[in-house]
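I have placed the structure first, in the form of structure tokens, so that the comments after it can refer back to it.
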Amino acid sequence: MFESKSGILAIAGLGFFIFAFVVMGALPWTIYRDQPEDTVLQLAQNGITHEFVDLAERFPDEFREYFGEVSYASYAEALELGRDVYVAEACWHCHSQFVRPVSREDVRWGPVAHAREYNNELQRPVLFGTRRVGPDLSREAARRSNDWHVAHFHNPIDVVPLTVMPAYPWLFNDRVPNKKGMAIITYVQWLGSWLKEYPDYETPAPVETAPGQDDSESNLAERDHDAAEKT
Ligand code: HEC
């Protein structure tokens, strides 16, 4: 069987298909089927991100008009609308939300994705994505400031000159994010905020000393010493 063409086809085509189905479909289903799906409000109650509060402080009048006060309910509303904008604007066309356990993706993006992370209302439909024209976004929370996102969504090339990400001027009223704009920022600033690693998804590697500057520490000490003497 192992030497015949049909045997190889059976194992490669059917055998591995069944194996993949069991490992990636049936097994997680047996493990997680009794876990209730989290509602958006439950997700919000896990903790309001600092960035949502920051939006309220940065754009107080607009925020009050769109979402009222900072609360679990308003946070849930913003998250849900943000997910809808993400789907409607087809962000998933260029971005994945799935850190795979291969190719050392965790070094670039943080912890490998876990099935439990997708068992909630905001992942209906699941937004794994199919292509990565842009980076994976499932550990985006707090990686950038709100200001950065405002500038980036308004016109990406202002902050990343060679990017192919399109501008989203309709998420703004006169450079201030409108309701959808604030919602999409709230949403990307939530992605990954449920992890214990948040907001430091990667272990910072020690910075290598540049050639010729290996005594930089003692230089710094000398400089401080000089400065102290002059004053
Ligand atoms: C045509 C493909 C494309 C589409 C559509 C797109 N992006 Fe991007 N996006 C990119 C690329 C490429 C980058 C990397 C360069 C950059 O930062 O602009 C990026 C970067 C980003 C970043 C910054 C990631 C980081 O921390 O470096 C965020 C956040 C983001 N996109 C969110 C979105 C959202 C939300 C949408 C939908 C409203 C969207 N993108 C639509 C291609 C796209």
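If I ask for residues that are of a type in the set (S, T, Y) and at pLDDT 95 or above, which ones from region 24-83 would you list? Listed by number, the residues that qualify are T39, T49, Y66, S71, Y72, S74, Y75.
Residues in region 150-164 that are in a loop (DSSP other than H, G, I, E, B) and under 23 Å from E57 (Cβ atoms): 1 in all. Only one of the listed residues (Q97, Q42) is closer than 20 Å to T186 by Cβ and in a loop (DSSP other than H, G, I, E, B). That residue is Q97. A Cβ distance below 9 Å, combined with a sequence gap of six or more or placement on separate chains, defines the contacts here; from region 79-94, residues that are near the ligand (Cβ under 6 Å from one of its atoms) reach residues that are of a type in the set (D, E, K, R) and outside any helix (DSSP H, G or I) in the pairs H93/R131; C94/R131; C94/R132. May I ask you to list the residues in region 135-175 that are buried (at least 18 other Cβ atoms within 10 Å of the Cβ) and among the β-branched types (V, I, T)? Of everything in region 135-175, just one residue is buried (at least 18 other Cβ atoms within 10 Å of the Cβ) and among the β-branched types (V, I, T), namely V150. Just one of the numbered conditions (1) in contact (Cβ under 8 Å) with a residue 60 or more places away in the chain; (2) near the ligand (Cβ under 9 Å from one of its atoms); (3) hydrophobic (A, V, I, L, M, F, W, C) is not true of W190: (2).
If you go through region 1-60 and keep only what is small (G, A, S) and touching a helix residue (DSSP H, G or I) at 6+ places or on another chain (Cβ under 8 Å), you end up with A44, A56.
Scanning region 99-135 for residues that are in contact with a Gly (Cβ under 7 Å, 6 or more places away or on another chain) and under 18 Å from M24 (Cα atoms) yields one hit, V99. Exactly one residue among N155, N146, N119 is polar (S, T, N, Q) and either free of Cβ contacts under 8 Å to residues at least 40 places away in the same chain or over 16 Å from L79 (Cα atoms) (or both), and that residue is N155.
The residues in region 51-64 that are touching a residue at least 24 places away in the same chain (Cβ under 8 Å) and in a helix (DSSP H, G or I) can be counted, and the count is 7. Considering only residues of region 117-149 that are part of a helix (DSSP H, G or I) and in contact with a helix residue (DSSP H, G or I) (Cβ under 7 Å, 6 or more places away or on another chain), which is farthest from the ligand (Cβ to nearest atom)? Among those residues, the one meeting the criterion is E121.
Take the residues in region 100-116 that are assigned to a helix (DSSP H, G or I) and within 13 Å of the chain's Cα centre (by Cα); name whichever of them is farthest from the ligand (Cβ to nearest atom).
Going residue by residue through region 100-116, those that are assigned to a helix (DSSP H, G or I) are 105-109, 115-116.
If we keep only those that are within 13 Å of the chain's Cα centre (by Cα) as well, we get 106, 108-109.
Working: D106: 16, R108: 11, W109: 10 Å.
Only one residue fits best here, namely D106.
The residue of region 1-39 that is nearest to W190 (Cα to Cα), among those that are surrounded by 11 or more Cβ atoms within 10 Å (Cβ to Cβ) and acidic (D, E), is D38. Check region 18-39 and report whether any residue there is under 19 Å from S193 (Cα atoms), in a helix (DSSP H, G or I) and touching a Leu at 6+ places or on another chain (Cβ under 9 Å). Within region 18-39, not a single residue is under 19 Å from S193 (Cα atoms), in a helix (DSSP H, G or I) and touching a Leu at 6+ places or on another chain (Cβ under 9 Å). Residues that are touching a Ser or Thr at 6+ places or on another chain (Cβ under 8 Å) and of a type outside the set (A, V, I, L, M) were ranked within region 111-133; the one that is nearest to G192 (Cα to Cα) is E117.
The values are calculated or read from the model by the stated rules, or taken from the named source; none is laboratory data. The model shown is predicted, which means the values in this text are computed figures rather than measured ones. As a convention, Cβ positions derive from the backbone with ideal geometry for all residues, glycine included, and neighbour counts pool all protein chains shown.
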